[in-house]
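Some notes on the structure that comes next.
The values are calculated or read from the model by the stated rules, or taken from the named source; none is laboratory data. Keep in mind the model is a prediction, meaning the values are calculated, not measured. Cβ placement follows ideal geometry from the backbone for every residue including glycine, while neighbour counts extend to all protein chains displayed. For the accessible areas, the whole protein counts, side chains as well, though only heavy atoms, and no ligand, DNA or RNA atoms are used. Shrake-Rupley method; radii C 1.70, N 1.55, O 1.52, S 1.80 Å.
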Amino acid sequence: MTFEDLLSVIEPATGGREMLDPATGEVVGRAPQHTLEDLESVVAAAKAAQPGWGALSHAERSAFLFKAADAVEANAEALAVLLSREQGKPLNGPNARFEVGACAAWLRATASFELEPEILVDDEGGRAELHYRPLGVVGAIGPWNWPMMIGIWQIAPALRMGNTVVVKPSSMTPLSVLGLVHVLNTVLPEGVLYAVSGDRTVGNRIVEHPDVAKIMFTGSTDAGKAIIRNSADTVKRLTMELGGNDAGIVLPDADPKAIAEGLFWGAFINTGQTCAALKRLYVHEDIYEETVTALAEVAAAMPMGVGLDENNVLGPLQNRAQYQIVANLVDAARDSGARIVTGGNPDESQPGFFYPTTLVADVDNANPLVAEEQFGPALPIVKYSTIDEAIEMANALEVGLGASVWSSNRDKAREVAARIEAGTVWINKHGAVDPRVPFGGAKQSGYGLEFGVEGLKHLAQPQVISY
């Protein structure tokens, strides 16, 4: 299937909303505008299909996920082009082709996990078994930064556990998700997976709907709080992956040149538009300038531009609002006396929401560029003197999705990692998620786990059978 073929099956016959390429301003395609009536129909169909899907064995459902992975791979280039044009990320680097490949890998990994009933007690007093049953219909509300990959993070475990799924993509990137769902539905049974592309009222109704048993949400903390409130009357199960503003701490024994590229991609993967990206970097005073210089050298070698250009590895911000957030935070840091090492000088005469790769040194920890999640290609670098000071600054915010420690001494790095308040702490890397390893936030970065066997359990109703 070509990009044009894929677009032709997801665009509405008439009408729809034009989606623009954030790199060029050109029209990518038209997204359908589903209504509340459409949603009601879809939820009813998913509810009707769920008992039959849930009655299949884990092996039978996993077989469908393997077929879905094959279908994604067979249509990988069309999906990657659609993603690049709508979201803005380049085809190459850890971007569009990488994201589509991750969809296939996550489907296969999720299909491979073993989850058998757990024997809790088995003695002369009796036997107790812990089983995991389907919940029913799962509502999956996704973001615009990794629309396909995070969509699969929600879809794959929900289906594996016998639920049916209704996906509500971000209004910024609906075509990418509709295209992915179309490809998946070429091999899945009818009725188990739907996507509705609508406005906020459609999303709100999914959250409130009495026939939706669980919501999986990835997005901002403020939006997550609204979902929590709106889901209360139906006591929905929730998995919330919310804002991050992840900290990284570079210990004085680290080698700046050796870690510079890892730091760069930890911060600037997807042009900084990643929940678990490195968004504030704390570097010991002994190696501060050397680290800043090494990072600047890496940044200078990373080309930014239109995603369909095979040479580029960094792209635009996905939308004007996010561009303005980044620009305002960098301008405020500059005005406060911080040092702009590289970037900070966007060319407003060019099309697209391109903000240059920006490193900001000599910035105070209370500066908004540090304290607020910028979600873009601007990294503040804060100097510290003692490890206790660095940990205190890293833990000061009410978020804790991920964090990282960079050191030549793994034992020392582990000691520091254990003191950081975050759901995941990486050592000498950042944001390296793995389908086998549970992932979830601390504090106001959300709750619930994704990935691995523990992630499967969060898509099921535990049931104890005791006799």
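Tabulated values for the structure
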{"quantity": "Test: residue in segment 132-150 that is over 19 Å from the mean Cα position of the chain (by Cα), modelled with pLDDT of 95 or more and among the charged types (D, E, K, R)", "calculated": "yes"}
{"quantity": "Residue match in segment 37-57 (condition: within 30 Å of residue 262 (Cβ to Cβ), open to solvent by less than 20 Å² (accessible area, probe 1.4 Å) and either in contact (Cβ under 8 Å) with a residue 40 or more places away in the chain or assigned to a strand (DSSP E or B) (or both))", "calculated": "no"}
{"quantity": "Single residue of segment 371-408 satisfying the filter (buried (at least 24 other Cβ atoms within 10 Å of the Cβ) and out of contact with any Leu (no Cβ under 9 Å at 6 or more places or on another chain)) that is nearest to residue 283 (Cα to Cα)", "calculated": "394"}
{"quantity": "Spans of strands (runs of 3 or more DSSP E) in segment 99-143 with at least 2 residues out of contact with any Lys or Arg (no Cβ under 9 Å at 6 or more places or on another chain) and without any contact (Cβ under 8 Å) to a residue 12 or more places away in the chain", "calculated": "118-123"}
{"quantity": "Residue within segment 22-35 that is under 24 Å from the mean Cα position of the chain (by Cα) and of a type in the set (Asp, Glu) present", "calculated": "no"}
{"quantity": "Residue list for segment 412-432, filter: surrounded by 19 or more Cβ atoms within 10 Å (Cβ to Cβ) and either within 20 Å of the chain's Cα centre (by Cα) or without any contact (Cβ under 8 Å) to a residue 12 or more places away in the chain (or both)", "calculated": "422, 423, 424, 425, 426, 430, 431"}
{"quantity": "Condition met for residue 259 (of a type outside the set (S, T, N, Q) and more than 27 Å from residue 389 (Cα to Cα))", "calculated": "no"}
{"quantity": "Search result, residues across segment 394-419 that are within 22 Å of residue 448 (Cα to Cα) and assigned to a strand (DSSP E or B)", "calculated": "399, 400, 402, 403, 404"}
{"quantity": "Pair list, Cβ under 6 Å, 6 or more apart: segment 67-82 residue touching a residue at least 24 places away in the same chain (Cβ under 8 Å), other residue basic (Lys, Arg) and surrounded by fewer than 24 Cβ atoms within 10 Å (Cβ to Cβ)", "calculated": "69/108"}
{"quantity": "Number of the condition not met by residue 362 [criteria: (1) charged (D, E, K, R); (2) within 24 Å of the chain's Cα centre (by Cα); (3) more than 22 Å from residue 431 (Cβ to Cβ)]", "calculated": "(2)"}
{"quantity": "Those residues of segment 75-95 which are open to solvent by 10 Å² or more (accessible area, probe 1.4 Å), closer than 19 Å to residue 305 by Cα and part of a helix (DSSP H, G or I), in sequence order", "calculated": "81, 85"}
{"quantity": "Count - residues of segment 96-146 that are buried (at least 16 other Cβ atoms within 10 Å of the Cβ) and polar (S, T, N, Q)", "calculated": "2"}
{"quantity": "Subset of segment 171-202 that is open to solvent by less than 20 Å² (accessible area, probe 1.4 Å) and part of a loop (DSSP other than H, G, I, E, B) - its residue that is farthest from residue 451 (Cα to Cα)", "calculated": "198"}
